[in-house]
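Have a look at the structure below, then the notes.
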Protein chains: 2
Amino acid sequence: MIGIGRLSLNQATVHNLSVTDAVKLCVRHGIPGIGLWRDQVTACGVAQAAAAVRAAGLHVSSLCRGGFFTYADRDARALAAADNRAAVAEAAALGADTLILVSGGLVPGSRDLALARRMIADGIADLVPCAQQAGITLGIEALHPMFCADRCAISRLGEAVDLALQFPADAAGVVVDTYHVWWDSQLAADIGRAAGRIVSYQLADWTLPLPQDTLLGRGHLGDGFIDFAPITAGVLAAGYLGYAEVEIFNQEIWDAPPDDTAATVRRRFAELLG
Amino acid sequence: MIGIGRLSLNQATVHNLSVTDAVKLCVRHGIPGIGLWRDQVTACGVAQAAAAVRAAGLHVSSLCRGGFFTYADRDARALAAADNRAAVAEAAALGADTLILVSGGLVPGSRDLALARRMIADGIADLVPCAQQAGITLGIEALHPMFCADRCAISRLGEAVDLALQFPADAAGVVVDTYHVWWDSQLAADIGRAAGRIVSYQLADWTLPLPQDTLLGRGHLGDGFIDFAPITAGVLAAGYLGYAEVEIFNQEIWDAPPDDTAATVRRRFAELLG
C-alpha cells in the first residue's frame, strides 16, 4: 500500500544515536527518510545536520518538536514562543516536511481544559506567520488521552483537524500518529476530513502492559493491537503524499543494537504496509 | 450542586471490606448510597447482601458489573451471556439502579475494532429483553481509551450514548465516569445528548503518574486534574436524578483505614460537589 521508498525512521526510535550515526544507519538499511529531534540536531549543529542528511540523500520527513503553548506565566509563554520560532527556522534549514507540535497539557495550577485549548489555538495562530514566511507547515499532533493533563490537551485527531482548518493549508496541517489515535471510533471520518491537511504519518504499535513511564510504551509494528492497513489506506485516500515515519519510544528497543532495530523496522514496514 | 443525600460509596473504593462491613461503614459516615461488586455480593450471598443494605436503609446505586461481550469462541460467548443474565437477576434482587457493563476489548486474536464494537452492540441487544423483564436498566460505560485493547472498546461517552439510543430508555442507559471521560472535548455535548439516559454518575480523579497497574491510577476527588463542577452541572442539567458514586481503584487508598477513606470521600464530595 505504501512503498519502502516512503519509509522514514524517526530518530527517537534509535534514541542513543547522534544525527550523523542515525543518518548512516538509514543509509546502511536503505531507509530513504529520517525524522529528526531538536536536541540531537542542536548537539550536532543545525548546519552540520542539514549537510549530513543532504550528503546522504535522505529526506527529512519531520522535525520534532515545537509546541507547549499552555503557560499561565507571561514570560514562560514568551520564551516558548521564541523557542517555537527557532524551531521553525531549524525545520526550514533542515528542509523538513513539517515541524511537529506537541501542544501542552493543562495550564499549571488550572483544571480548565477549554482554557488550555484556547491557549493552544492562540499559540498556533501566533506562530503561523513565522511558519509561512519560512515555508514550513506546522504539524498539529493529537496525543493519546492519557497524556491530556500533562503533555497535550489535543486528544483526538478531530480536534487537530478543527485547529488546522482555522489556518491556511500551507501553514498548518495535522499529524496522524497511529499510537495516539488508533482507538478512536471517529478516526476514519476524521482522516477523511483531514484530506489535503495530513503533513506527517507516524507509526508505532500499541503494546501492553504499559510500562511505568507511559511515554515508553510503544512497540514495533505488528507487536501490538493496531490494525495498520485500514489507517494507512485512509491516510493515502486523503491525498497524503509524504513519508511514513516509524517512531517508537521503548527502552528495550533503545537498548537493542541499532542495526537490529533498523532491520526490524524495515521488515515490519514491508510486511504490514508494503 | 449535588447534596450529600445523593452520595454513594462504591465498594471498590474500600476494596478489602465485605458487603456487610462496607454497609456498616456507610452507615457510620452518613453515606446514604452504596455501589456493590458481584464478587463480594457472591461471597456474602445475594439474599443476605440485599437484606443487609435494606436493613441499613441504604440505596444500591449500581451493581458492577456485566459485559465482556467480545469473545470469538461461541462457548465463551454463551458463558458470558449466561453470566450477564445472572448479573441482571442479582441487580434486581439488590434493587440496584443499574447493572454496569464493561463491554470488553478487541476480540482475542483480532485487531478489528469495528468487529469488537458490533459484537458489543449485539451482546447488549441480546441482554435487553432479560433486563426489561427484570426491570433493570443496563448502564453502558465508556472506559478510558488506554483500556480500549483489553477491557472496553467503547472509549468515549458519545459511543455509549449511540449504543444506548438503539434501545428503549428503560432497558439501556449510560454511565458517566469522570475518570474515563474527563479529557474529551465532546464531553459536554455528549452529556447533553445523553439526557434522560444517564443511569450512573461515577467519580474518581485523574492523578499522575499512572501506576504500573494502570487500573489502579485513580485518586480522591481534588487530588488530580479533573474539574468536577462543570461535569456535574452537565449531568444534572441532563436530568440525572440518581446518586453520585465515588469509585476509586488505588492501592494506597485500599491500604488506608476504611474509616479514613470514607471520611475523605465524604469531605471531598461536600467541598467539590456539595
- Query: Considering the zone a paramagnetic label at A:A188 would reach in this model (a point 7 Å from Cα along the Cα-to-Cβ line), which residues of the range A:215-251 have amide N under 19 Å from it?
  - Reply: A:225-240
- Message: Residues of the range A:108-137 losing 30 Å² or more of accessible surface, assembly versus chain alone, probe 1.4 Å, please list them.
- Response: A:R111, A:L113, A:R117
- Item | Cβ neighbours within 10 Å from other chains - mean over A:210-217 | 3
- Message: Step by step: find N for the range A:66-135, compute 2.2 N^0.38 Å, then divide the Cα radius of gyration by it. What's the final number?
- Response: 1.12
- At most 14 other Cβ within 10 Å, DSSP loop - chymotrypsin sites (Phe, Trp or Tyr not before Pro), the range B:32-136: none
- Query: In terms of modelled amide H atoms, which long-range or inter-chain residues lie less than 5 Å from the amide H of B:A194?
  - Reply: none
- Note on the structure: With all protein chains in place and a 1.4 Å probe, A:M1 shows an accessible area in Å² (nearest 10) of 110
- Could you state the number of Å between the C-alpha centres of the range A:195-274 and the range A:13-54? 18
- Chain pair A, B: how much accessible area is buried, both chains summed, with a 1.4 Å probe, in Å² to 100? 2500
- Residues meeting the amide H criterion for B:A149 (H placed from the backbone, H to H distance under 5 Å, 5 or more places apart or on another chain) are none
- Solvent exposure of the range B:33-152 as accessible area per residue, Å², 1.4 Å probe: 38
- Query: Within 10 Å of each Cβ of B:141-150, how many other protein chain Cβ atoms are there on average?
  - Reply: 5
- When only the heavy atoms of the protein chains count and the probe is 1.4 Å, how do A:T98, A:T214, A:T20, A:T42 rank by accessible area, highest first? A:T42, A:T20, A:T214, A:T98
- R0 = 30 Å: FRET efficiency of A:D213 with B:D112, Cβ-based, nearest 0.05? 0.50
- Query: Got the relative contact order for chain B handy, in percent, Cα pairs under 8 Å and 6 or more residues apart?
  - Reply: 20
- Query: Based solely on its DSSP helices, what 222 nm [θ] is calculated for chain B when runs of n ≥ 4 H residues each add -39,500 (n - 2.57) and the sum is averaged over all residues, nearest 500 deg cm²/dmol?
  - Reply: -13500 deg cm²/dmol
- Calculate, for B:N16 and A:S18, the FRET efficiency according to 1/(1 + (r/R0)^6) with r their C-beta to C-beta distance and R0 45 Å; round to the nearest 0.05. 0.30
- Query: Amide H of B:Q202: which non-local residues (sequence gap of 5 or more, or other chain) have their own amide H closer than 5 Å, using H built in the peptide plane?
  - Reply: B:V176, B:D177, B:T178, B:E245
- Applying the span-like rule to chain B (DSSP H, Cα extent along axis at least 24 Å, Kyte-Doolittle mean at least -1.0) gives B:74-94, B:113-134
- For chain A: rounded, prolate or oblate by the Cα gyration tensor [a/c cutoff 1.5]: rounded
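The values are calculated or read from the model by the stated rules, or taken from the named source; none is laboratory data. As the structure is a computational prediction, the values presented were derived from the model and not from experiment. Neighbour counts run over all protein chains shown; Cβ positions are idealised from the backbone, glycine included. Surface areas here come from the heavy atoms of the whole protein model, side chains and all, with no ligands, DNA or RNA. Shrake-Rupley method; radii C 1.70, N 1.55, O 1.52, S 1.80 Å.
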